[in-house]
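The values are calculated or read from the model by the stated rules, or taken from the named source; none is laboratory data. Being a predicted model, the structure only gives us computed values, none of them experimental. Cβ placement follows ideal geometry from the backbone for every residue including glycine, while neighbour counts extend to all protein chains displayed. Keep in mind that these areas ignore ligands, DNA and RNA; they rest on the heavy atoms of the full protein, side chains included. Shrake-Rupley method; radii C 1.70, N 1.55, O 1.52, S 1.80 Å.
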Amino acid sequence: FFAPKCSPGKLPVLVARVNGVVDASFLTGMKYRFVDWDRVEVGSGVMREGTLRIPADKPVFYVGLTR
């Protein structure tokens with residue numbers, strides 16, 4: 001078995017960020033945490049009116065929700 005030839009790429013790594021909105025009334029009052037690739041919290045708060053806005057100006061990798 002031979003692995004296909006691949007390229008590791010070049011620096012700088014280009015990263016695209018997008019924003020998003022989650023709108024679900026049953027999520028009202030839940031706490032959220034924005035976490036980056038290194039598992040560092042980059043933002044947090046409480047969802048109001050069931051709307052969560054994920055900003056494009058932060059390096060959000062995932063969002064943790066707790067009741």
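Scan [x] 22; [y] 43; [z] 36 for the value of percent of Cα pairs over 20 Å apart calculated from this model and give just the label.
Label [y] holds the value from this structure.
Leaving out ligands and nucleic acids, note down the accessible area per residue over the chain with a 1.4 angstrom probe, in whole Å². Present the calculation step by step, with values, prior to reporting the outcome.
On the way: 5890 Å² over 67 residues.
I get 88 Å² per residue for the chain.
Would you calculate the separation in nanometres between label points at S44 and F61, each defined as 7 Å from the Cα along the Cα-to-beta-carbon direction?
In this crude label model, S44 to F61 measures out at 1.8 nm.
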